[in-house]
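Below: the structure, in structure tokens.
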Amino acid sequence: MARVREFDTEAVAGSAMELFWTRGYEATSVRDLTEHLGIGQGSLYAAFGSKEGLYRAALEHYRTRLAGDALRELDGGTDIREVVRELLLGRVRVAVQAGGRGCLFVNAAAERLPGDAATRRAVSDAFRASQAALTEVLTVAAARGEISRRHDPRTLAEFLVTFLNGLLVSSKVTPDAGAFHAVVEVAVGALD
């Protein structure tokens, strides 16, 4: 009779996410993972197939939990400038935690690309989802006359995601969320 899995794979992916986010993929060994997660190596491989499989699960956990929360917050605001400002500063506040560990997706892109096709897909999917959500919000704001029509909403969304990714890299160098208020205001000014 096969053994029943005695742990929650989603919780394990979340805990692994924290370790990968803090240390990076290469600096995290299978031994580090099993000790941190409190599971055996065989259980890790049975549930995720490999360290790479667990990494992909951790990236997906990050997308659905943390990055997804930021995108859901786009729907809650009424003033588009405040919504964009809070999106940018909110992501920086998350990135500077734990000594400036940044964004797991940006970290993954810097560490694993161009050689890892699965990571490229995960990061690309996340960036496209961010751009699509921002495009939708900016399109509504443009239709209401809340932002300038000098830029297409999709182009603005691509700019904001690109800006945010650079901001998240910078937050690793300067892990102080307050240091980025002025540059965020420049980005918000693109909506004028």
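The values are calculated or read from the model by the stated rules, or taken from the named source; none is laboratory data. This structure is a prediction, so every number in the text was calculated from the model and none was measured. Don't worry about glycine lacking a Cβ; one is built from the backbone with ideal geometry, like all the others, and counts go over all protein chains shown. Only protein heavy atoms, including side chains, enter the accessible area calculation; ligands, DNA and RNA are left aside. Shrake-Rupley method; radii C 1.70, N 1.55, O 1.52, S 1.80 Å.
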Helix 51-62 axis, angle to the chain major axis (alpha carbon atoms, nearest 10°): 40 degrees
Just the number, please: carbon plus sulfur as a percent of the accessible area of region 123-192, 1.4 Å probe, no ligands or DNA/RNA counted. 57 percent
Relative to the chain, whose Cα atoms define the longest principal axis, helix 80-95 and its Cα axis are tilted in degrees, nearest 10, by 30 degrees
Work out from phi, with θ = phi - 60° and the Karplus expression 6.51 cos²θ - 1.76 cosθ + 1.60, the ³J(HN,Hα) of each residue of region 162-176, listed in order in whole Hz, and give x for Gly and Pro. 5, 4, 4, 4, x, 4, 5, 5, 4, 5, 6, 6, 10, x, 9
Charged-residue dipole, Cβ positions (Lys, Arg, Asp, Glu), region 69-192 about Cα centre, Debye nearest 20: 300 debye
Once phi is turned into θ = phi - 60°, what whole-Hz ³J(HN,Hα) does the Karplus curve with 6.51, -1.76 and 1.60 give for every residue of region 32-39, x standing for Gly and Pro? 4, 5, 5, 5, 5, 7, x, 10
Could you tell me how many degrees, from 0 to 90 and to the nearest 10, lie between the Cα long axis of helix 117-143 and the main elongation axis, the longest principal axis, of the Cα atoms of the chain? 30 degrees
Using only the Cα atoms of region 108-192, each taken as one equal point scatterer with no solvent, compute I(q) by the Debye sum, divide by I(0), and report log10 of the ratio at q = 0.21, 0.25, 0.27 Å⁻¹. -1.03, -1.16, -1.22
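If you count only protein heavy atoms with a 1.4 Å probe, what accessible area per residue comes out for the chain, rounded to a whole Å²?
I get 51 Å² per residue for the chain.
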More than 18 angstrom apart: percent of Cα pairs within region 3-139: 58 percent
Protection proxy ranking of 51-58, 154-161, 114-121 - average other beta-carbon atoms within 10 Å, highest first: 51-58, 154-161, 114-121
